[in-house]
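See below for the structure under consideration.
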Amino acid sequence: MTGPIRTRREGGILEVTIDRPKANAIDLVTSRIMGEIFRDFRDDETLRVAIITGAGEKFFCPGWDLKAAAAGDAVDGDYGIGGFGGMQELRDLNKPIISAVNGICCGGGLEIALSTDMILAAEHATFALPEIRSGTVADAASIKLPKRIPYHIAMDMLFTGRWLDATEAHRWGFVNEILPADKLMERAWELARLLESGPPLVYAAIKEVVRAAEGEDFQTTMNKITKRQFKTVDILYSSDDQLEGARAFSEKRDPVWKGK
């Protein structure tokens, strides 16, 4: 696909690249395109893993396109299915997604990265929530960031808008790995292929349970698991893949996951 978002597919892996020179900022049209892409990724049973990155070597994504806003895009306009960036509010997105942060990652761009499951960063990547300086709130980050890293560090970022380099982001735990820039995508694809080979029904159950557990106490979530009240858990426990895992272990071979 050409345009502000480029996609590439290899087997069960989908690579999504934000490509809006000069900075990969997202306007309403781009957000709606991203929503359609991630909806289709969610609904395509042959796709297992996605990677999201930015074009070029300087920007991953700075978030909202202020030039588009000045030209008439409303900050509370129609971002499309999945909300800003296409995935933050997309229901039942139960497949692994990897962020490959290749440069500046701030504002809504950081909120997109926080919506993924693993974040890889180039050595020169930087992170910030500068919304405070323009008199607005980093809404999704205000919800997510204090749950991802220590509260006081999250509030520091939200209150001051200060920038973190990749090393500090890794120290606080919201970056999984730091890579030389020329190795970033190689590592992202290596990790994606590892996940592609794994059990998709288990991934789906993990993601649904983790989401639910963010807003519930431990016992409530455990009860839902044991009573098969999560759709993904119920499907998993009735699946051929559940039996395949046990068979492969007893037969001392690698399992063959079919997602059924």
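The values are calculated or read from the model by the stated rules, or taken from the named source; none is laboratory data. For clarity, every value in this text was computed on a predicted model and none was experimentally measured. Here the Cβ is made from the backbone with ideal geometry for all residues, glycine too, and neighbour counts use every protein chain on show. Please note that ligands, DNA and RNA were not included when accessible areas were found on the heavy atoms of the full protein model with its side chains. Shrake-Rupley method; radii C 1.70, N 1.55, O 1.52, S 1.80 Å.
Is it fair to say residue 3 is touching a helix residue (DSSP H, G or I) at 6+ places or on another chain (Cβ under 8 Å), over 20 Å from residue 103 (Cβ atoms) and open to solvent by less than 50 Å² (accessible area, probe 1.4 Å)?
yes
If you scan the stretch 148-184, which residues turn out to be charged (D, E, K, R) and farther than 16 Å from residue 126 by Cα?
148, 182, 183
Which of (1) open to solvent by 60 Å² or more (accessible area, probe 1.4 Å); (2) in contact with a helix residue (DSSP H, G or I) (Cβ under 8 Å, 6 or more places away or on another chain); (3) modelled with pLDDT under 95; (4) not aromatic (Phe, Trp, Tyr) does residue 173 not meet, given it meets every other one?
Condition (1) is where residue 173 drops out.
Can you tell me which residue within the stretch 127-145, out of those that are open to solvent by 40 Å² or more (accessible area, probe 1.4 Å) and within 20 Å of the chain's Cα centre (by Cα), is farthest from residue 82 (Cα to Cα)?
By that ranking, first place goes to 142.
Return yes when residue 259 is in a loop (DSSP other than H, G, I, E, B) and open to solvent by less than 50 Å² (accessible area, probe 1.4 Å) and no when it is not.
Spelling it out, residue 259 is indeed in a loop (DSSP other than H, G, I, E, B) and open to solvent by less than 50 Å² (accessible area, probe 1.4 Å).
Can you pull out every residue in the stretch 25-68 that is open to solvent by less than 80 Å² (accessible area, probe 1.4 Å), assigned to a loop (DSSP other than H, G, I, E, B) and either farther than 21 Å from residue 13 by Cβ or among the acidic types (Asp, Glu) (or both)?
25, 27, 44, 56, 62, 63, 65
Restricting to the stretch 33-84, give me the number of residues that are at positive phi and free of Cβ contacts under 8 Å to residues at least 12 places away in the same chain.
Selection size over the stretch 33-84: 1.
Got a sec? Which helices (runs of 4 or more DSSP H) wholly within the stretch 113-199 have at least 3 residues that are closer than 15 Å to residue 99 by Cβ?
Per the criteria, 139-148, 166-171, 184-196.
If I ask for residues that are in a loop (DSSP other than H, G, I, E, B) and open to solvent by 80 Å² or more (accessible area, probe 1.4 Å), which ones from the stretch 211-230 would you list?
Result: 214, 217, 227, 228, 229.
Residues to consider are 199, 150; find the one that is open to solvent by less than 40 Å² (accessible area, probe 1.4 Å) and out of contact with any Leu (no Cβ under 6 Å at 6 or more places or on another chain).
Selected residue: 199, the only one of 199, 150 that is open to solvent by less than 40 Å² (accessible area, probe 1.4 Å) and out of contact with any Leu (no Cβ under 6 Å at 6 or more places or on another chain).
Scanning for something among the acidic types (Asp, Glu) and open to solvent by 80 Å² or more (accessible area, probe 1.4 Å), does the stretch 231-241 turn up at least one residue?
Checked the stretch 231-241: at least one residue is among the acidic types (Asp, Glu) and open to solvent by 80 Å² or more (accessible area, probe 1.4 Å).
Give the residue that is nearest to residue 113 (Cα to Cα), with candidates limited to residues of the stretch 153-170 that are of a type in the set (Val, Ile, Thr) and surrounded by fewer than 17 Cβ atoms within 10 Å (Cβ to Cβ).
So the residue we want is 167.
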